[in-house]
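The values are calculated or read from the model by the stated rules, or taken from the named source; none is laboratory data. Remember, predicted model here, so these are calculated numbers, not experimental data. Cβ coordinates were reconstructed from backbone atoms using ideal geometry, including for glycine residues, and neighbour counts include every protein chain displayed. Ligands, DNA and RNA are excluded from the accessible area calculation, which covers all protein heavy atoms including side chains. Shrake-Rupley method; radii C 1.70, N 1.55, O 1.52, S 1.80 Å.
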Amino acid sequence: MTGALATHSLQLTNPDLTSGPAATYLTPPDGSVVLRPMQPILPLVSANVTSPSAGYLLRGAGLRGGTYTETSGVTPLTAAPATELRGIHAPFFTDVLFPVEPWSVNSFDAIGGAGVTRLQVTPVQHVSDANPLTSTRRQFSDMDFRLFYSNDLSAAALAAPPTITGVDSSLDAGTSVLTFKARAIGDPTAGIQAVWATWTIPPEIGQQGTWQSVDLAQDAVDPSLWTGTAQLPAGADPGSVAFMMQAANGDGRVTLDANVGAYYHPGSIPGAPTGTTTTPAATVTAFTSAPPTTVAYGSNFTVTANRSSGGTPLAGRLMRIGIGSSVLPANTDANGTASVTLLAALAPGSYSVTASFAGDGADAPSGATANVSVMAQPTSLTLSGTLGTQTFGGTLSVVATLNAGTPPAALSQRPVFVIFT
């Protein structure tokens, strides 16, 4: 399911009233979208998946396959909360494809037995580019799901979905056969009826990619261990494979393990047993020049940091640089350096400026921290108008002008009291 999506565009205006980027979003034929403040507007495709057999309910859904294309340099239109200052569309940042699970089961209409059950899909995901103001958009042209129905009304129907406690993979270099392994446990009253790996090799930008699934078989000796294999295409780099694990219990409750949206990759799986992965190399993150010790509220300042391992710059690594809880992503260049411009839009006080690297299968995490004080902007208040001596009954006009900063700029949305004594 998904179908064709239409593209819509909105021209944005920068805070300084100059022309900004054109933000885009997609909609299905009926125009349905999902709006969450500060998040990209996503198309919503809904399908009636009510069971044709009386007494059966949809308990879970899992992705089995799909095709997609990716477009880089996209400015996603974000939803803005409705306030008295309505109209601010904030940029959206994410290290992994968002949303991680772009499908859900909606049974609200079916409560009481009168309505329908729907499978709701948002067939678009975003991940931030090296330019933190743009994203790469993954758009699905179709998605295949396996639906699990049950008429069980016993205590087992209350069991939680299975828990996937471990994921591993191995490659036969001679045959290009990739073996998937997963450990799944759950409530014994419901059992586990299926475990499967869903994998893809992300293509070049603009080319079509495919998700496909491999059913895993339960081990005869260790019932928590499930194993399956996939034949990789000739010449494919096994390190480029991205996969996730899904499992369903006996009543159809489904769980997804996508490594918190980062997916799993052969040879660099977090928590894999010793010997299956290479120990990550130590890294060093440092500011190339110390951030300013003081900044004025509302002003911009640039922070540049460098990442290296054993003295060798690490290029193409995602760093996160920010002040307080406000963080921006940036990719390191050929010299291992990344720069961002931060806005000191925080209440006056002392804050930490941080540069961090989360680590990956090859390189260990590292970070750097410095302190900065956000100072209140100087303000000035001037009076003008028909001031001075006035006759009784005359009209007095007073204009109070509030400015802030250096050079002074008009300060709006602030209360000013004019008092006559």
So which of Gly311, Gly322, Gly316 is open to solvent by less than 20 Å² (accessible area, probe 1.4 Å), without any contact (Cβ under 8 Å) to a residue 40 or more places away in the chain and closer than 25 Å to Pro280 by Cβ? Gly322
For region 50-66, check the following and say yes or no: at least one residue is small (Gly, Ala, Ser), over 23 Å from Met244 (Cα atoms), modelled with pLDDT under 85 and open to solvent by less than 30 Å² (accessible area, probe 1.4 Å). no
Within region 22-46, which residues are among the hydrophobic types (A, V, I, L, M, F, W, C) and either open to solvent by 10 Å² or more (accessible area, probe 1.4 Å) or free of Cβ contacts under 8 Å to residues at least 12 places away in the same chain (or both)? Ala22, Val33, Val34, Leu35, Met38, Ile41, Leu44, Val45
Only one of these conditions is not met by Ile201: (1) in contact with a helix residue (DSSP H, G or I) (Cβ under 7 Å, 6 or more places away or on another chain); (2) open to solvent by less than 30 Å² (accessible area, probe 1.4 Å). Which number is it? (2)
Report, by residue number, each residue of region 148-183 that is over 30 Å from Ser51 (Cα atoms) and of a type in the set (S, T, N, Q). Thr165, Ser169, Ser170, Thr175, Ser176, Thr179
Hits in region 251-262 (condition: small (Gly, Ala, Ser) and surrounded by 22 or more Cβ atoms within 10 Å (Cβ to Cβ)): Gly252
Select from region 319-343 the residues that are among the hydrophobic types (A, V, I, L, M, F, W, C) and modelled with pLDDT of 85 or more and list them in ascending order. Met319, Ile321, Ile323, Ala334, Ala338, Val340, Leu342
List the number of the failed condition for Leu216; all other conditions in (1) over 14 Å from Gly166 (Cβ atoms); (2) under 30 Å from the mean Cα position of the chain (by Cα) hold. (1)
Scanning for something touching a Lys or Arg at 6+ places or on another chain (Cβ under 9 Å), small (Gly, Ala, Ser) and not in a loop (DSSP other than H, G, I, E, B), does region 80-88 turn up at least one residue? no
Checking Gly166 against (1) in a strand (DSSP E or B); (2) over 30 Å from His126 (Cα atoms), which test does it fail? (2)
Of all residues in region 291-349, which are hydrophobic (A, V, I, L, M, F, W, C), more than 19 Å from Met375 (Cβ to Cβ) and in a strand (DSSP E or B)? Ala305, Leu318, Met319, Ile321, Val327, Leu328, Ala330, Ala338, Val340
Across (1) under 25 Å from Ser107 (Cα atoms); (2) open to solvent by less than 20 Å² (accessible area, probe 1.4 Å), Pro76 clears everything bar (1)
Hits in region 369-387 - residues which are more than 30 Å from Val284 (Cα to Cα) and either assigned to a strand (DSSP E or B) or at pLDDT below 80 (or both): Met375, Thr379, Ser380, Leu381, Thr382, Leu383, Ser384, Gly385, Thr386, Leu387
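To keep it simple, each residue is scored yes or no on (1) free of Cβ contacts under 8 Å to residues at least 60 places away in the same chain; (2) open to solvent by less than 50 Å² (accessible area, probe 1.4 Å); (3) within 30 Å of Ser339 (Cα to Cα).
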site: Asp363; (1), (2), (3): no, yes, yes
site: Asn371; (1), (2), (3): no, no, yes
site: Pro378; (1), (2), (3): yes, no, yes
site: Leu383; (1), (2), (3): yes, no, no
site: Val399; (1), (2), (3): yes, no, no
Would it be correct to say that Thr421 is out of contact with any Phe, Trp or Tyr (no Cβ under 9 Å at 6 or more places or on another chain), under 30 Å from Tyr264 (Cα atoms) and either modelled with pLDDT of 85 or more or among the β-branched types (Val, Ile, Thr) (or both)? no
Could you list, ordered by first residue, the pairs with Cβ atoms under 6 Å in which the first is in region 47-74 and farther than 30 Å from Thr24 by Cβ and the second is acidic (Asp, Glu) and outside any strand (DSSP E or B), at least 6 apart or interchain? Arg59/Asp251
Selection count, region 388-421, where residues are of a type in the set (Gly, Ala, Ser), in a loop (DSSP other than H, G, I, E, B) and closer than 25 Å to Gln377 by Cα: 2
Out of everything in region 5-21 that is out of contact with any Leu (no Cβ under 7 Å at 6 or more places or on another chain) and at pLDDT 90 or above, what residue ends up being most open to solvent (accessible area, probe 1.4 Å)? Ser9
Only residues in region 337-358 that are more than 10 Å from Phe301 (Cβ to Cβ) count as the first member; pair them with residues that are in a strand (DSSP E or B) and charged (D, E, K, R), Cβ under 7 angstrom, at least 6 apart or cross-chain, and list the lot. Ser356/Arg320; Phe357/Arg307
In region 278-308, anything open to solvent by less than 50 Å² (accessible area, probe 1.4 Å) and under 30 Å from Ala404 (Cα atoms) is listed as Pro291, Pro292, Val295, Ala296, Gly298, Ser299, Phe301, Val303, Thr304
Candidates Leu147, Leu133, Leu171 - the one that is more than 17 Å from Leu216 (Cα to Cα), part of a strand (DSSP E or B) and open to solvent by 20 Å² or more (accessible area, probe 1.4 Å): Leu147
